[in-house]
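The values are calculated or read from the model by the stated rules, or taken from the named source; none is laboratory data. On a predicted model such as this, the values are computed, not experimentally measured, just so you know. Here the Cβ positions follow ideal geometry from the backbone for every residue, glycine too, while neighbour counts run over all protein chains shown.
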Amino acid sequence: MPLIRLCLTLLLPLCALPAAAADAADSDAAPTSARPAPNARIEIRARKQLGDTEERRHSTAAKMVFGREELDRHGDTSLGDVLKRLPGITLSGTPGRGGDIRMRGLGNGYTQILINGEPAPRGFSLDSLAPDQVERIEVMRAPVAEHSARAIAGTINIVLREGFVKRDTEIRSSLGWDKDKPQPSLSVQKSGGQEAFNYSLNMNLGHSEYQNFATSGTEEFALADQQSLLAQQQTTHSRSQSNWLHSAPRLGWKFDDGDTVNIQPFAMVSRSHSDGNEHLDQSLGATPARYADAHWFGDSDFAMLRLMGNAKTRLADGARLEFKLNGGFASSDNASTRGEFGPGGNLAHSVSSSSGIKNSSLSSSLKYSRSLGEAHSASFGAELEGGHRTESATTVQDGVLQLAEYGDEVEAGTRRFAAWGQDEWEISPLWSLYAGLRWETIETNSSWLSGSASNSSSVASPLLHSVWRFAEKGRDQVRLGLTRSYKAPNLNQLVPRPTLSSTYPTSEANLLSEPDSSGNPNLKPELAWGLDLALEHYLGDGGLFSASLFGRDIDNLIRNVTSLQSVSWSPVQRWVSSPQNIGHARTWGIELEAKFKLTELYPTALPFELRANLSRYWSHVSTLPGPDNRLDQQPSLSGNLGVDYRFAKKPLTVGTSLNWTPAYDVRQSENQIYTQGAKRVLDAYALWRFDANTQLRLSAANLLAQNYDTGNTYFTSTSERIVDTQTRTYRAFTLRFEKKI
């Protein structure tokens with residue numbers, strides 16, 4: 001997109017405006033020691049607290065805000081279930097079982113996840129965070145300089161619950177059912193304080209248990225004459241259960257001079273167990289099936305402690321200085337065993353593996369901000385982060401230790417430094433402009449028994465956002481964003497220690513459909529120029545209509561490539577999947593959104609509240625043959641429709657929402673095509689308010705309980721193999737009691 005590059009180059013000088021304007025403001029400012037005359041009139045104006053929609057409207061950079069009303073609406077127990085209903089966000093995987101969070105259909109690192117404005121720690125999953133711990137969700141469709149530009153698809157910022165001066169105790173207990181399995185949880189939050197001190201203490205604990213059933217069919221054909229070579233049918237039953245405890249207290253101090261200090265620990269502990277069995281029937285094949293039955297079990301423990309602190313102070317010239325210090329430690333231990341048995345019950349193959357991962361990190365940042373006049377401000381900042389990861393792993397196949405040349409421990413370290421500046425200026429009541437520049441560098445180093453690897457990358461990101469309002473008191477406006485963003489490879493992609501196929505011993509050849517995997521220390525970050533354009537119309541009572549266009553032009557696209565290789569861990573050639581920079585890609589799309597009360601359009605209508613969004617996506621990977629040479633698992637469409645109704649003479653509110661993603665195909669590589677069936681997820685709720693402090697909520701999730709269908713087609717020079725999987729899904733019900741004391 002040469003036009004974007006040209007526009008950004010021309011607009012870079014705007015980043016120098018803050019310094020020049022600051023000098024001018026200093027020359028005209030009155031001395032800080034000046035005091036008003038004894039009879040002078042002093043006027044103090046309090047800024048009105050903006051609602052979610054108004055905050056979105058007044059933000060120069062495109063930002064959507066969703067507060068407690070949206071978080072509580074359906075009584076969800078998982079934050080992922082909340083996010084899947086928001087505009088432009090999809091949730092991959094089986095309905096009701098969590099999955100990757102994707103903006104604009106792009107996951108796998110394209111979507112940046114922040115907690116209180118800081119990058120989420122490694123190993124953290126949004127599915128493990130209870131909505132009760134969250135104050136609001138901020139969705140930014142394009143990056144800003146203050147946050148990392150590792151956000152090609154966009155940024156989701158999770159703001160944890162804050163302390164309140166008002167003394168309040170809130171209790172929420174719930175009991176859910178998922179295929180007759182209980183899902184109890186309890187949430188307690190207590191807030192209070194005085195003028196100089198406030199606190200918020202909370203705790204969330206729960207138990208979840210799920211059953212899964214899937215069938216998978218495999219067929220293989222000869223390319224020369226389409227003769228059937230293989231036919232298999234596999235059925236899988238599995239069970240998983242987890243116990244978890246979360247806590248995110250907050251302590252805050254406010255001093256007489258306006259300075260503030262906040263400290264927020266964040267602790268998470270979980271323990272999980274899973275087990276299952278498989279049965280394999282083979283009706284056609286040149287050789288017998290590898291096994292008839294398989295059994296496995298696994299245990300996992302996860303613990304994370306993170307301490308987030310910030311201090312804000314006012315300087316003599318009216319500027320503000322903010323300092324943040326964050327540190328954390330996370331540990332996970334996993335162990336699994338799988339045994340495969342022949343038709344007579346004899347053990348044919350066994351795999352046992354164990355791993356332990358320990359992550360520690362420390363980061364600090366400094367932000368200087370200053371008003372340059374009415375509705376004009378500038379900010380500058382710097383960030384420094386260091387992290388260390390130790391991973392121990394052992395794999396034993398049929399009693400033989402594997403990958404001995406790599407040792408049982410890998411160490412990796414990361415260092416990140418960033419500097420940024422931004423200028424936000426309401427030039428007139430009709431026009432607001434944001435210009436920013438961010439430079440960020442990341443270094444990683446890893447070492448193991450027989451080797452080491454390192455990787456470094458630096459990216460400069462010019463950023464421009466602008467809002468034009470058609471009339472000073474009008475409700476229509478146009479947004480424009482021109483940005484530079486990137487996607488850095490993660491540690492797992494960089495460390496070359498392989499992970500072995502669980503069903504094929506290293507003494508034998510594996511299949512293209514079940515490869516080993518290995519990292520690539522030579523990966524480069526993906527770089528993207530971005531264009532965002534939106535037209536917004538706001539109604540009088542929180543409603544809005546929005547239509548937006550976006551485009552991303554991506555270089556150094558990373559995609560897993562599977563190839564047949566001679567490897568050190570096997571005497572025969574093995575199929576190995578590893579990430580590679582494969583070239584150039586583009587994605588673009590249209591996003592439509594509507595949210596309003598029906599009475600805003602028709603004053604005499606019934607009090608329905610409607611929410612709807614529809615997104616259409618296109619993408620093209622230039623180095624892959626068509627058709628369907630799209631970005632990884634990006635659907636062509638996604639949509640949500642929600643309706644709420646509040647009864648006039650009863651303290652009852654009911655609502656429902658439908659989440660829909662149609663079927664699609666994606667060519668993953670020259671020898672693999674991924675297929676996903678249509679997803680339709682219908683949820684509903686009913687809320688009865690006994691009084692202002694007591695309410696009861698009944699929620700029903702995945703009412704349609706449709707099967708989740710996925711498939712992969714693999715091509716070799718002589719054959720085509722098709723693997724189709726159908727996973728059963730289940731309805732889930734939750735009864736939740738909420739009380740404020």
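In the stretch 708-736, how many residues are of a type outside the set (A, V, I, L, M, F, W, C) and either under 30 Å from ARG172 (Cα atoms) or not in a strand (DSSP E or B) (or both)? Let's see the steps before the verdict.
Of all residues in the stretch 708-736, those of a type outside the set (A, V, I, L, M, F, W, C) come to 708-714, 716-721, 724-731, 734, 736.
Right, trim to either under 30 Å from ARG172 (Cα atoms) or not in a strand (DSSP E or B) (or both) and you get 716-718, 728-731, 734, 736.
So the answer is 9.
On the given criteria, is TRP468 aromatic (Phe, Trp, Tyr), modelled with pLDDT of 95 or more and not in a helix (DSSP H, G or I)? Lay out the reasoning, then the answer.
Values: aromatic (Phe, Trp, Tyr): yes; modelled with pLDDT of 95 or more: yes; not in a helix (DSSP H, G or I): yes.
It is true that TRP468 is aromatic (Phe, Trp, Tyr), modelled with pLDDT of 95 or more and not in a helix (DSSP H, G or I).
Go over the candidates SER446, SER379, SER369 one by one and state the one that is in a strand (DSSP E or B) and free of Cβ contacts under 8 Å to residues at least 60 places away in the same chain.
Working: SER446 fails: free of Cβ contacts under 8 Å to residues at least 60 places away in the same chain; SER379 fails: free of Cβ contacts under 8 Å to residues at least 60 places away in the same chain.
Answer to the selection: SER369.
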When you look at LEU592, is it closer than 29 Å to SER457 by Cα and either under 27 Å from the mean Cα position of the chain (by Cα) or assigned to a loop (DSSP other than H, G, I, E, B) (or both), yes or no? no
Taking the condition in contact (Cβ under 8 Å) with a residue 60 or more places away in the chain and part of a strand (DSSP E or B), does LYS358 pass? no
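Give the stretch 598-616 a look and list any residue that's in a strand (DSSP E or B) and touching a Pro at 6+ places or on another chain (Cβ under 7 Å), or say none.
Narrowing the stretch 598-616 to residues in a strand (DSSP E or B): 608-616.
The answer is ASN613, and nothing else.
Considering only residues that are assigned to a strand (DSSP E or B) and either surrounded by fewer than 16 Cβ atoms within 10 Å (Cβ to Cβ) or on the phi > 0 side of the Ramachandran plot (or both), which ones fall in the stretch 646-659?
Pass one, the stretch 646-659, residues assigned to a strand (DSSP E or B): 646, 652-659.
Across the stretch 646-659, the qualifying residues are LEU652, VAL654.
Among the residues of the stretch 171-185, how many are at pLDDT 85 or above, surrounded by fewer than 16 Cβ atoms within 10 Å (Cβ to Cβ) and out of contact with any His (no Cβ under 8 Å at 6 or more places or on another chain)?
Kept after step one, since they are at pLDDT 85 or above, are these residues of the stretch 171-185: 171-178, 181-185.
Filter again for surrounded by fewer than 16 Cβ atoms within 10 Å (Cβ to Cβ), leaving 171, 173, 175, 177, 182, 184.
So of that shortlist, the ones also out of contact with any His (no Cβ under 8 Å at 6 or more places or on another chain) come out as 171, 173, 175, 177.
Adding up the residues that qualify gives 4.
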Condition test on SER353, is it assigned to a strand (DSSP E or B), more than 30 Å from ALA267 (Cβ to Cβ), modelled with pLDDT under 95 and under 31 Å from the mean Cα position of the chain (by Cα)? no
State all residues of the stretch 95-123 that are crowded, with 20+ Cβ neighbours inside 10 Å and farther than 17 Å from ALA149 by Cα; if no residue qualifies, say none. PRO95, GLY96, ILE101, GLY105
Residue identified as over 18 Å from GLY519 (Cβ atoms) and touching a Gly at 6+ places or on another chain (Cβ under 8 Å) among GLN422, GLN397: GLN422
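Among the residues of the stretch 478-492, is there at least one that is touching a His at 6+ places or on another chain (Cβ under 6 Å) and in contact (Cβ under 8 Å) with a residue 40 or more places away in the chain? Show your work before the answer.
Here is the first cut: in the stretch 478-492, the ones touching a His at 6+ places or on another chain (Cβ under 6 Å) are 481.
Now narrow it down to the ones that are in contact (Cβ under 8 Å) with a residue 40 or more places away in the chain: 481.
Checked against the condition, which is being touching a His at 6+ places or on another chain (Cβ under 6 Å) and in contact (Cβ under 8 Å) with a residue 40 or more places away in the chain, the stretch 478-492 yields at least one hit.
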Among the residues of the stretch 218-226, is there at least one that is crowded, with 17+ Cβ neighbours inside 10 Å and hydroxyl-bearing (Ser, Thr, Tyr)? yes
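Please indicate, with yes or no, whether at least one residue in the stretch 421-437 is over 30 Å from ARG479 (Cβ atoms), assigned to a strand (DSSP E or B) and not charged (D, E, K, R). Spell out how you get there, then give the answer.
Residues of the stretch 421-437 over 30 Å from ARG479 (Cβ atoms): none.
No, the stretch 421-437 contains no residue that is over 30 Å from ARG479 (Cβ atoms), assigned to a strand (DSSP E or B) and not charged (D, E, K, R).
Picking from ALA701, ALA678, ALA692, which residue would you name as being surrounded by fewer than 16 Cβ atoms within 10 Å (Cβ to Cβ) and either among the basic types (Lys, Arg) or touching a Pro at 6+ places or on another chain (Cβ under 9 Å) (or both)?
On the way: ALA701 fails: surrounded by fewer than 16 Cβ atoms within 10 Å (Cβ to Cβ); ALA692 fails: either among the basic types (Lys, Arg) or touching a Pro at 6+ places or on another chain (Cβ under 9 Å) (or both).
Answer to the selection: ALA678.
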Strands (runs of 3 or more DSSP E) lying entirely in the stretch 143-201 (those with 2 or more residues that are of a type in the set (Val, Ile, Thr) and more than 26 Å from the chain's Cα centre (by Cα)): 168-178
Just need a number here: residues in the stretch 256-305 that are within 32 Å of the chain's Cα centre (by Cα) and either of a type in the set (A, V, I, L, M, F, W, C) or closer than 30 Å to GLY328 by Cα (or both). 25
Please enumerate the residues belonging to the stretch 315-350 that are buried (at least 17 other Cβ atoms within 10 Å of the Cβ), over 27 Å from the mean Cα position of the chain (by Cα) and in contact (Cβ under 8 Å) with a residue 60 or more places away in the chain. ARG338, GLU340, HIS349
Filtered residue count, the stretch 131-142, keeping only those that are modelled with pLDDT under 90 and outside any strand (DSSP E or B): 3
Within the stretch 452-465, the residues that are touching a residue at least 40 places away in the same chain (Cβ under 8 Å) and either under 30 Å from GLU405 (Cβ atoms) or assigned to a loop (DSSP other than H, G, I, E, B) (or both) are ALA453, SER454, ASN455, SER457
Kindly indicate whether any position in the stretch 484-504 is of a type outside the set (Lys, Arg) and farther than 30 Å from TYR674 by Cβ. no
Name the pairs: first residue in the stretch 275-290 and acidic (Asp, Glu), second residue at pLDDT below 90, Cβ to Cβ under 9 Å, at least 6 apart or on different chains? ASP281/ALA289
For the stretch 413-429, does any single residue satisfy the condition of being closer than 30 Å to GLY451 by Cα and either surrounded by fewer than 16 Cβ atoms within 10 Å (Cβ to Cβ) or acidic (Asp, Glu) (or both)? yes
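Name the single residue, out of those in the stretch 182-210 being of a type outside the set (S, T, N, Q) and without any contact (Cβ under 8 Å) to a residue 40 or more places away in the chain, that is farthest from LEU735 (Cα to Cα). Write out each step before concluding.
Taking the stretch 182-210 first, the residues of a type outside the set (S, T, N, Q) are 182, 184, 186, 188, 190, 192-193, 195-197, 199, 201, 203, 205-207, 209-210.
Checking which are without any contact (Cβ under 8 Å) to a residue 40 or more places away in the chain leaves us with 182, 184, 186, 188, 190, 192, 207, 209.
On the way: PRO182: 11, PRO184: 10, LEU186: 12, VAL188: 16, LYS190: 22, GLY192: 28, HIS207: 15, GLU209: 16 Å.
Of everything passing the filter in the stretch 182-210, GLY192 is farthest from LEU735 (Cα to Cα).
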SER450 fails exactly one of the following numbered conditions: (1) out of contact with any strand residue (DSSP E or B) (no Cβ under 6 Å at 6 or more places or on another chain); (2) among the hydroxyl-bearing types (Ser, Thr, Tyr); (3) under 18 Å from PRO489 (Cβ atoms). What is the number of that condition? (3)
Here are the criteria: (1) buried (at least 18 other Cβ atoms within 10 Å of the Cβ); (2) among the β-branched types (Val, Ile, Thr); (3) assigned to a loop (DSSP other than H, G, I, E, B). Tell me which single one THR503 does not satisfy. (1)
Kindly indicate whether any position in the stretch 417-426 is small (Gly, Ala, Ser) and in contact with an Asp or Glu (Cβ under 6 Å, 6 or more places away or on another chain). yes
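How many of the residues making up the stretch 592-610 are more than 10 Å from PHE545 (Cα to Cα) and surrounded by 14 or more Cβ atoms within 10 Å (Cβ to Cβ)? Write out each step before concluding.
Going residue by residue through the stretch 592-610, those that are more than 10 Å from PHE545 (Cα to Cα) are 597-610.
In the following step, the residues that additionally are surrounded by 14 or more Cβ atoms within 10 Å (Cβ to Cβ) were identified as 597-600, 608-610.
Matching residues across the stretch 592-610 total 7.
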